[in-house]
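Scroll down for the structure; my scribbles are underneath it.
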Amino acid sequence: MNIVMVGHKYVPSRDGGIEIVVEELSSRLAKFGHKVTILNRKRKEYKKFEEYKGCKIEEIFTINKKSFDAIIYSFFATLKIRKLIKKKKVDIVHYHAEGPCLFLNLLPKGKKRNGTKIVVTIHGLDWERGKWNGFASKIIKSGEEKAVKYADEIIVLSQNNQCYFKQKYGRETNFIPNGVSKAEFHEPEIIKEKYGLIKNSYVLFLARIVPEKGLDYLLKAWESVKNSTDKKLVIAGGDSNSKKYFESIKNKVQNDPTIIMTGFVKGQILQELYSNAYLYVLPSDIEGMPMSLLEALSYGNICLVSNIRENTEIINKDCFVFNKSDVEDLANKLKKALALNLHPHTNVYQIYEWDDIVKKTFELYKK
């Protein structure tokens with residue numbers, strides 16, 4: 001098959017869960033002999049690739065501003081896809097996320113589509129996310145409506161989102177979750193040298209630093225527990241179109257010796273942080289399917305998560321759950337976990353493997 005991936009920012013990247021999903025799907029599909037084209041956003045700070053892991057990489061013009069980036073990219077990417085469809089050069093167009101679906105109405109319809117199938121993966125109800133203002137939220141919601149109207153198949157990452165599309169639009173969707181790669185365990189080397197961290201000496205928050213991840217709740221809860229523990233709180237992640245919020249978090253924690261803020265991490269330092277954490281915390285208000293939670297579980301981390309269904313659907317029996325946005329409950333569960341002398345990394349939990357996810361996705365392509 002000729003397959004085009006669209007909607008992400010840049011591959012290769014760990015900028016967000018979408019980028020990881022696009023890379024994993026694309027590289028594995030290419031390994032199986034399919035021709036995969038990945039439409040990256042064109043930015044000066046992104047290294048230019050023409051090929052990556054057997055996939056063709058093409059750049060699409062955009063404007064590097066939060067308000068315009070996704071919409072400009074989506075428009076020009078969709079125009080390119082329209083040409084490919086008219087020339088019968090593509091079998092599957094796989095859109096990722098709701099916003100990029102805004103221009104699906106520009107694609108040929110019916111017989112004029114020449115047998116091309118449009119597949120959309122909804123990585124979460126993005127219009128709910130706190131980083132978007134009212135106008136941006138409306139644009140993303142419009143993208144969701146276009147996906148419902150024009151996509152041949154819709155993939156959702158949680159059963160909760162599956163219920164939403166059925167109740168809201170009467171639209172049937174396909175539940176195909178994110179996968180996770182096998183954990184690569186490391187002793188604390190870089191993190192020990194750089195931050196003074198040793199095994200089980202810290203609580204880990206590892207996610208994009210955006211409002212909906214609930215970091216504000218965690219910082220408030222940490223205030224009430226930090227004096228009763230010798231453990232540190234490690235905050236790892238980049239800003240992802242929320243620079244103002246990211247800077248506000250930096251200002252809050254800069255004078256607190258119990259908190260370490262690493263910024264964006266990848267490679268061995270990322271693996272070390274997962275491998276040696278005492279507890280992983282994800283206090284999100286909104287998720288699609290949290291890639292960092294899947295990864296934490298694959299390293300055998302004991303996790304403390306908010307009780308949204310996107311979290312509770314995938315955790316194991318070792319995990320703790322608190323009431324979403326309830327700082328007092330989060331603090332109480334954090335105190336309990338810190339007092340219990342937990343033994344993390346003994347129960348590796350790899351719920352979804354990428355090869356299985358790719359197989360399910362390809363079966364959907366063939367329907």
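The rows are residues; the columns are (1) small (Gly, Ala, Ser); (2) within 18 Å of Lys232 (Cβ to Cβ).
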site: Gln268; (1), (2): no, no
site: Asn276; (1), (2): no, yes
site: Pro283; (1), (2): no, yes
site: Gly288; (1), (2): yes, no
site: Ile308; (1), (2): no, no
site: Asp326; (1), (2): no, no
site: Leu330; (1), (2): no, yes
site: Leu338; (1), (2): no, yes
Practice task
Find the residue count for segment 146-176, including only residues that are of a type outside the set (Lys, Arg), out of contact with any strand residue (DSSP E or B) (no Cβ under 9 Å at 6 or more places or on another chain) and in contact (Cβ under 8 Å) with a residue 12 or more places away in the chain.
Solution key: 2
Exercise for the section: Taking only segment 222-242 into account, find how many residues are under 20 Å from the mean Cα position of the chain (by Cα) and either over 23 Å from Glu212 (Cβ atoms) or in contact (Cβ under 8 Å) with a residue 40 or more places away in the chain (or both). Expected result: 5
Handout entry: Meets criteria (among the polar types (S, T, N, Q), surrounded by fewer than 22 Cβ atoms within 10 Å (Cβ to Cβ), assigned by TED's automatic domain parsing to the domain that holds Leu330 and touching a His at 6+ places or on another chain (Cβ under 9 Å)) for Ser248
Key = no
Practice task
Specify the residue that is surrounded by the fewest Cβ atoms within 10 Å (Cβ to Cβ); the eligible residues are those in segment 182-215 that are within 22 Å of Asn347 (Cβ to Cβ) and acidic (Asp, Glu).
Solution key: Glu187
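Okay, residues lined up against (1) within 20 Å of Ser26 (Cα to Cα); (2) surrounded by 17 or more Cβ atoms within 10 Å (Cβ to Cβ); (3) among the acidic types (Asp, Glu); (4) touching a Leu at 6+ places or on another chain (Cβ under 8 Å):
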site: Ala97; (1), (2), (3), (4): yes, yes, no, no
site: Pro100; (1), (2), (3), (4): yes, yes, no, no
site: Pro108; (1), (2), (3), (4): no, no, no, no
site: His123; (1), (2), (3), (4): yes, yes, no, yes
site: Val148; (1), (2), (3), (4): no, yes, no, no
site: Gly170; (1), (2), (3), (4): no, no, no, no
site: Val180; (1), (2), (3), (4): yes, yes, no, yes
Handout entry: Every residue from segment 235-262 that is assigned to a loop (DSSP other than H, G, I, E, B) and modelled with pLDDT under 95
Key = Gly237, Gly238, Asp239, Ser240, Asn241, Ser242, Gln254, Asn255
Exercise for the section: Check segment 5-28 and report whether any residue there is modelled with pLDDT under 95, within 26 Å of Arg208 (Cα to Cα) and among the polar types (S, T, N, Q). Expected result: yes
Completion exercise
Checked Val265, Val203 against criteria (under 18 Å from Pro283 (Cα atoms), not aromatic (Phe, Trp, Tyr) and not in a helix (DSSP H, G or I)); the one match is Val203
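The values are calculated or read from the model by the stated rules, or taken from the named source; none is laboratory data. Note that the structure is predicted; figures quoted are calculated from it, not measured. Every residue, glycine as well, gets a Cβ built from its backbone with ideal geometry; the counts of neighbours run over all protein chains shown.
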